[in-house]
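Rule-based calculations on the coordinates, nothing more; no lab input. Here the structure is a predicted model, which is why all the values come from computation and not from measurement. Positions of Cβ are backbone-derived with ideal geometry, glycine not excepted, and every protein chain shown enters the neighbour counts.
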Amino acid sequence: MARVKIVRYSPWLVHFNTGACNGCDIEVLAAITPLYDPERFGVKLAPSIRHGDILVVTGGVTKKAATRLKRLYEQMPEPKFVVAVGACGCSGGVFSGSYAMVSGVDKVIPVDMYVPGCPPRPEAILHAILKLLEKLQRGDAPRGRAEEVMKA
Amino acid sequence: MAKVPLLKEVVKLIFSKPATIQYPREETPVEPDARGRQYADLSKCIGCSLCMIECPPKAIRMEKIPEGYEVPKRNARKIYPVVDYFKCIYCYRCVTVCPTKAYVVTNEYRLASDAPVNSRELSLSTLKKAGQEPSQGKEGVNRR
Amino acid sequence: MSSDPLEIPDVLKPIENLLKGVAIMKPGRVVALLESSDVVKAYVALKARYGETGLYFSTLVATDLKEEGKIRIDYYINVLEKNQYVVLRTHVPRDDPRIESLLKEAPAALPGECEAYDLLGVIFEGNPHLRRAFFVPEEVAGKGIFPLRKDAGV
Amino acid sequence: MTEEVSKVDKVVEIPMTVEIPVGPQHPAVHEPILIKVYAEGEYVVKAEAYTGYNHRGIEKLAEKKSFYQDIFLCGRVCGICNAVHADCYVRALEHILDKEPPPRAKYLRTLVMELERLHSHMLILAVTAEIVGFDTLFMHMMRDRELIMKAKEIVTGNRVLADYIMVGGVRRDLNTEKIDKLKKILAKVEPRIRHYWRVFEEDVTLNKRLVDVGRLTPAQVTSHGLLGPVARASGIATDSRYHDAYDAYAEVPFRIVTRREGDCMARSLVRFEEMQVSLEICRYILNHLPGGEAVPDERRLPRRFPEGEAFTTVEAPRGELTYYVMSKGGVNPYRVKIRTPSYNNVINTVPFYVGHTIADVPAILASYDPCISCMERVTVIDSRRGIRRKVSMRDLARGEA
C-alpha cells in the first residue's frame, strides 16, 4: 500500500498501441502537449515500460498484439494501473467480431479505468487520469494486483 | 541569420501567458454541438429498433421498459434502446436515422469510469413514473 | 463488354495484340482483359511505351468469385502521361491460383502480392517474400484458412 | 550472404509501431511494423519489414456489415486521415448508385479534407522535429495544431474522427457564424506556419539532420510506387486531386507542389508548401461556398444497392489512397479493397535504408510519414555478445543506443 501512496504523487504513463486507428494515439499525444499539460499533476510519459506506473492502452487488441501486451504488462513494476482509451480499448468498438481481434483490453489484462469516446478528447483522457488519481488517494489497490492476490 | 526568428520567438514567449488551460479548475471550451453522449427520449421513441439495426459497432440493445412507467401508446412493444457507451463510437448514425427524432444529443464527454456505463438511467428519466413529473433537465442538453 | 478493336482506347494501344476484351469501370477507368500468362508482358509493353517515370503500379486487388470458381486479379496502373488509370484484369482458377509475379518489373507490387497470398492464397511464382502470417494472425493462418475467401468461415 | 552476416556486429530491431497503413485487410492504417535493420558499425547493410500487429481484418469485416455501416468502419481505418477514407469509400458508393452530391456538399467535403491535411502535415513535421531532437519545436507545433483541431470540431463536431461524409452529401452544414470562426482560426494559423517553415529552412540542427539524407531518385519513386509528398519531393508530379479532380477540386484553384532534391528536407518543405496551398483552398471555399442543400435525409437513402463496381482514388495527406468497392446487389458489399499510401511508402522503401547510419533510420522513416505515434521502441542486438536491449526511438536518433 505504501507504494501506491508514492505513485499518487507522480504517476508516469506508458502509451501502447495495440491496433488502434491512431485517432486515440494522436489524442493521447495531444493530451501531453502544452494546451493540456498533465505535468501539473506530475503525470508524464515514461521512456520505458519499466519506469511506468500507468499503462495507457489505445485500440482494440489484435491477436498478434495480445501476446506483446501481456508481456509488457508483466514487465511493469508493481503497483500497476491500466487505462483503456477509446471505444476499441473498452470493448473492441467497431472492430469487434473480426477474425483478427481479441476485442477489448480487459480480455487480456485487468483494466482500472475505461475512457469511452471515439476518440476521447484530450480533456476526457485527463479526466480519466484525475479520476484514477482520486482512486489512489483513497488507497484503492490496482485491479490487477487484487486479482492476483485472490488467485494466490 | 537563423538565430533571428527563434530569438524573437523566445522574447515573445517570455512575456506571453501560458497556453495551458487549467483543467479541471477551468472548463475547456467545447463546441455546443460537439458529438458527446446521446440517449433516447422515450416520450418520442416508438421502439422501431432502426437505430439498433443501423448501429455500426452494434452498441445499441433494445430492452423492455420496466413496470411502473407511463409508456406512450405509439410504443406498442414497450421497448427502448439502451446505448452501451463503452461500445458507442459517437457517429450519431442513430440520431440521424431515427424516424421520430427521438434522440437527445449533448456535448458531454467526461464519461470515464471503472464500470460499464449505458444510457438506461438517462432514457428512463425522460418518462413519467406513474403519478410523478418526469425528472428532466440534464447538463448541456440541446435538442435536434 | 466488347472485344471490338475499334473501341480500344489510346492508352491501351501498346498492348493491343494481348487484349481479350476492353471494358470501362466507373469512374472512367480502362479495363483490359488479359490471359493470366500475359500480364507481365503487358506491363513490360506499357512500361516500354510510357517510360520508367511515366507510370507507376498503384494497387493489386484480388477478389474471390466463388460462384464462377475463379479468383480475379486486377492490377491498377496509373499512366501519368495520359493521366488515366489502366486496369489489367485476369482470372485464375480458384482451386489452383497461380500467376507469374510482377515483382521483377515493378517492385511496387511487393505488398500487394504478399497480401493477396496471405488473405486469398494466390501464389505469385517468382516472389521469394510470400509467407503466411504476414498480416493474418498465426492462429488463423496456422489452420490454413485464407480469410478473404468467401467460404473461409471467419 | 553468410560472409556478410559474419561481418555484422550489431543487429538493430525496430518494432516501431510505425503506423503503416498497411492496407490489406487493412490493418489499420497505421500499423505497428517491425523493421529489422542489420548494421555494420554505424551503417545499415540490410533491412527487413515485419508487419501484422495492427491487422484488424477490416476488409472481411466490411463484407459483413452493410454499405452504410462501412462508411463509419472505413473512417476508422486511419484516425488521422479518416475523412479522406470515408470520402473515397462514399464516392465509390455514389458511382455505383449513379448519384451526384450537391455542389455545396462537395465544397464542404473538400474543406474537411484540407483541414485534415493541415493537421496531419503539422503532426508529422512536429514529430520529425522531435525525432531529430528538437523537442521545443515539437511542443510549439503541437500547440498551434490545436487551433486546426478546433476548426475541425467546429465543422464536423469531433476533433479527430469526422464521420462527416454521407452518401449524397455531408452530415452537418455551416452557418455564417461558424464560417467567421473558421476564418479567424485560419488567419491565426497562417503566420505560425510561415514561422515554422522558416525555422525548418534555416535552423542548423534540422538542416544537418535532414539535408541529403534518404535521397530518392524519380525512377526509384515510380518503380517502387511511392506516393504523395515522398514522390512529389523527388519531382514526380502525382496528385489525385489533379488526376481525378474529385469533389470540388475541379473548381477550386490549387497547384501541385514539387521539388527536385528528393531528400528528407525536401519532403518536409513539400509538406510546408502544401499546407500553404491547403490554407488557400480553405479560404477560397469559405469565401465561395455555393448555396443550396448539403445535408441529405439519411432516412430516405436507398438501403439496397444495384450491382456494380467502382475504383476511386483520393489524395490523402500521405499520398494517393485507393478504394475498390464491388457490389453484387443487396445490402452488403461483395468486396472492399483498401490500399493506403503508407502501405506503399513504408514497405517498399525498406531497401533504401541500406547505406545510411542507424541514427538516420528514424529520421528517414519519419520523412515517409508513417504514423508515428506508434513508433515506440527498438531493440538493439549486439550480435557479438548476444545482448538485447530496448531503447526508445528518440535515443536511437540521438545516437545514444
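Each DSSP beta bridge with both residues in the stretch D:58-336 is either parallel or antiparallel, and the antiparallel ones are about 100%.
Taking every DSSP helix (H) stretch of at least 4 residues in the protein assembly as shown, weighting each as -39,500 (n - 2.57) and dividing the sum by the residue count yields a mean residue ellipticity at 222 nm of -10500 deg cm²/dmol.
Dipole of the protein assembly as shown (Lys/Arg Cβ +1, Asp/Glu Cβ -1, origin at the Cα centre): which of B:N118, D:Y164, D:I185 lies farthest to the positive side? Of the options given, the answer is B:N118.
Projecting the Cα atoms of C:I24, C:L120, C:G142 onto the charge dipole of chain C (Cβ charges, centred on the Cα centre) puts C:I24 farthest toward the positive pole. If R0 equals 25 Å, the separation of the Cβ atoms of D:E251 and C:N83 corresponds to a calculated FRET efficiency of about 0.90.
Suppose a student asked you for the relative contact order of the stretch C:5-142, using Cα pairs under 8 Å spaced at least 6 residues apart; what percent would you report? Don't jump to the answer; show the numbers that get you there.
Numbers: 233 pairs, mean separation 26.3, N = 138.
Computed value for the stretch C:5-142: 19 percent relative contact order.
Write down the percent of antiparallel bridges among all DSSP beta bridges whose residues are both part of the stretch A:2-151, to the nearest 5. Display every interim value, and only then the final one.
Working: 2 of 17 bridges.
Looking only at bridges with both residues in the stretch A:2-151, the antiparallel portion is about 10 percent.
With a ≥ b ≥ c taken as the square roots of the eigenvalues of the C-alpha gyration tensor of the protein assembly as shown, please select rounded if a/c is under 1.5 and otherwise prolate if a/b is larger than b/c or oblate if it is not?
Working: a/c = 1.40, a/b = 1.14, b/c = 1.22.
Rounded.
Pair-distance distribution P(r) for the stretch A:2-151, from all Cα-Cα distances in 5 Å bins starting at 0: 2, 10, 21, 24, 22, 14, 6, 2, 0 percent. When the C-alpha to C-alpha distance is required to be over 21 Å, the pairs from B:K44/B:K129; B:K8/D:K150; C:K143/D:K60 that qualify are B:K8/D:K150.
Only lysine pairs 8 or more places apart or on separate chains count here, and in the stretch C:5-142 those with Cα atoms under 26 Å apart total 23.
Of all beta bridges that DSSP places with both ends in the protein assembly as shown, some 75 percent have antiparallel geometry.
How large is the dipole of the protein assembly as shown about the Cα centre if only Lys and Arg carry +1 and Asp and Glu carry -1, each at its Cβ, rounded to the nearest 20 debye?
Numbers: 123 positive and 107 negative charges, 447 e Å.
Here the protein assembly as shown has a charge dipole of around 2140 debye.
Each label was represented as a point 7 Å from its Cα along the Cα-to-Cβ direction; for D:A237 and C:R98 these points are 4.6 nm apart. When you filter the trypsin sites (Lys or Arg not before Pro) in the stretch C:1-65 for DSSP loop state and at most 14 other Cβ atoms inside 10 Å of their Cβ, you are left with C:K20. For the stretch C:1-104, the list of GluC sites (Glu not before Pro) that fall in a loop by DSSP and count at most 15 other C-beta atoms within 10 angstrom reads C:E35, C:E52, C:E67, C:E68, C:E81.
At an R0 of 25 angstrom, the distance between the Cβ atoms of D:T357 and D:T136 translates into a FRET efficiency of 0.55.
Over the stretch A:2-151, what is the relative contact order in percent, taking alpha-carbon pairs closer than 8 angstrom and at least six residues apart?
26
Within a 10 angstrom radius of each residue's Cβ in C:75-84, how many Cβ atoms of other chains show up on average? Whole number is fine.
Values: counts 0, 6, 1, 9, 0, 5, 0, 0, 4, 1.
That works out to 3 on average.
Which lysines does A:K80 reach when only Cα atoms under 30 Å apart count, and residues fewer than 8 places away in its own chain are ignored? Result set, ordered by chain and number: A:K5, A:K44, A:K63, A:K64, A:K70, A:K107, A:K131, A:K135, A:K151, B:K87, D:K390. With the simple spin-label model, which puts each label point 7 Å out from Cα in the Cβ direction, the D:D98 to C:V44 separation comes to 4.2 nm. The residues neighbouring B:K64, those whose beta-carbon lies less than 13 Å from its own, together hold a net charge of +2 under the Lys/Arg +1, Asp/Glu -1 convention. Of all aspartates and glutamates in the structure, those lying under 20 Å Cα to Cα from B:K58, and not within fewer than 8 positions of it along the same chain, are A:D106, B:D41, B:D84, B:E121, D:E59, D:E63, D:D70, D:D163, D:E298.
Ordering B:P32, B:P57, B:L6 by Cα displacement along the dipole of chain B toward the positive end leaves B:P57 in first place; charges were set at the Cβ atoms of Lys, Arg (+1) and Asp, Glu (-1).
Along chain B, counting only GluC sites (Glu not before Pro) with a DSSP assignment other than H, G, I, E or B and at most 11 other Cβ atoms inside a 10 Å radius, the longest segment between sites is B:68-138.
About its Cα centre, how strong a charge dipole does the stretch C:70-153 have in debye, to the nearest 20, once Lys and Arg get +1 and Asp and Glu get -1 at the Cβ? Each step should come with its number before you reach the end.
Working: 12 positive and 13 negative charges, 47 e Å.
Using Cβ point charges on Lys, Arg, Asp and Glu, the stretch C:70-153 gives about 220 debye.
Multiplying the sequence separation of D:T176 and D:V211 by 0.36 nm and subtracting their Cα-Cα distance, what value in nm do you get?
Extra length available between D:T176 and D:V211 comes to 8.1 nm.
In this structure, the pairs whose alpha-carbon distance is over 18 Å, taken from D:K99/D:K178; B:K17/D:K178; B:K78/B:K128, are D:K99/D:K178; B:K17/D:K178.
Decide, for the stretch A:97-139, between rounded, prolate and oblate: order the square roots of the alpha carbon gyration tensor eigenvalues as a ≥ b ≥ c, take rounded if a/c falls under 1.5, and otherwise choose prolate if a/b is larger than b/c, else oblate.
Working: a/c = 5.45, a/b = 1.62, b/c = 3.36.
Oblate shape, in that a/c is at least 1.5 and b/c is the bigger or equal ratio.
Simple spin-label estimate for B:T100 and B:K78 gives 1.6 nm between the two label positions (7 Å along the Cα-to-Cβ direction from each Cα).
The dipole here belongs to chain C: it is taken about the Cα centre, uses +1 on the Cβ of Lys and Arg and -1 on the Cβ of Asp and Glu, and is about 140 debye.
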